[in-house]
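The values are calculated or read from the model by the stated rules, or taken from the named source; none is laboratory data. It should be emphasised that the depicted structure is a prediction, and the values quoted were computed from it without experimental measurement. Positions of Cβ are generated from backbone atoms using ideal geometry, with glycine treated the same way; all protein chains shown enter the neighbour counts.
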There are 2 protein chains.
Amino acid sequence: MAISKKEEFTQEEIWLADVAKSLSHPARIKILKMLNEMNSCMVGSLVDKLPLAQATVSQHLKELKRVGLINGEIDGPKVCYCVNTKALAKAKSALDKLFNKIGCC
Amino acid sequence: MAISKKEEFTQEEIWLADVAKSLSHPARIKILKMLNEMNSCMVGSLVDKLPLAQATVSQHLKELKRVGLINGEIDGPKVCYCVNTKALAKAKSALDKLFNKIGCC
DNA sequence: ATCTTTTATCGTATATTTACGATGAACGAT
DNA sequence: ATCGTTCATCGTAAATATACGATAAAAGAT
C-alpha cells in the first residue's frame, strides 16, 4: 500500500520550477526576446511595445529579476535592463538535462 | 510619448509560456524526471513517491498532458504515463532559441 | 525650488493555481 | 452481480498571479 511520502523536492527541482514560473507568461517571454534584440533596454521602451500598463510591466520585470534572469542598472532617472547571460546558460543547461531523456513507453 | 500598444503576443510566445507554466511546479518537474527514470509509470507509483495526495498528482498529470509533454495509455484499471519525446524536443528547441542570445548590457 | 520624466510600489479587484477529501467510472477478479 | 483496485473528476478552501490606477521616489532640467 505504501504509506511513506517522506520524499520532498530537491533544491534543484524547486529552483528549476521557479525559473519555469518566471517564463510562464507571454509578456515575460517577449521581454526576454526584446532585451536580446533591442539596443535600448529602458523600461519605457518595453512598455511602449507591450499591451500592458507600466505598472504591470514593472511587475513582470520584477519577477524576471527575482529569479536572476535579468539585471537592472540605474541610469539617471531611467533603468536599463539586460539579460543575465550566466543565469540563462544555467537554466538552459538544467532544462536540457531534463529534456534529453527517452520516454518509457 | 508613444501611445500605440498595437502589438499582441505571438502564438509562439503564448505556447512557450504555456509550456513553461506546465513546468512551473516542483512536482511536475519531478514527475517528468520519474517518468524518464522509472520502468513503471503507473499513477500509483508516482503518488507513492510524491508528498501529495492522489487527486493532486492526477491534477498535475493533467496539466502536463494538457500541453502535450506526456501521454497516458489506459492499461486495464491502471494508466501508464510516458513522456512525449517529440513534444519535449520541440520545447527544448524553442527554449534553446530563446536562451542562445547575448545580453545587451 | 519646482517641474517633468522615469520607474517602482501600494492598494485592490479578479482570475488562476494548488491542495485535499469525497465521489464516480472503468476494469479485473471472485 | 458484487467487490476491490486504480485513476479521474467534483466541490471547495486557501494561496498566488495578473492587471491597473494612483501614488511615491529619484534624478535631470528650468
Here the qualifying pairs (Cβ atoms under 6 Å; residues six or more apart or on different chains; first in segment B:48-75 and crowded, with 16+ Cβ neighbours inside 10 Å; second aromatic (Phe, Trp, Tyr)) come out as B:Ile70/B:Tyr81; B:Gly72/B:Tyr81
For segment A:42-81, enumerate the residues that are within 11 Å of DNA strand D (Cβ to nearest atom) and among the acidic types (Asp, Glu).
A:Glu63, A:Asp75
Of the conditions (1) over 21 Å from A:Ser24 (Cα atoms); (2) out of contact with any Cys (no Cβ under 7 Å at 6 or more places or on another chain), B:Lys33 fails just one. Which one is it?
(1)
Please verify whether A:Lys30 is at the interface with another protein chain (Cβ under 10 Å from one of its Cβ atoms), surrounded by fewer than 21 Cβ atoms within 10 Å (Cβ to Cβ) and either outside any loop (DSSP other than H, G, I, E, B) or modelled with pLDDT of 95 or more (or both), treating the condition exactly as stated.
no
Yes/no for B:Met38 being under 18 Å from the mean Cα position of the chain (by Cα), away from DNA strand D (no atom under 12 Å from the Cβ), more than 7 Å from chain A (Cβ to nearest Cβ) and on the phi < 0 side of the Ramachandran plot:
no
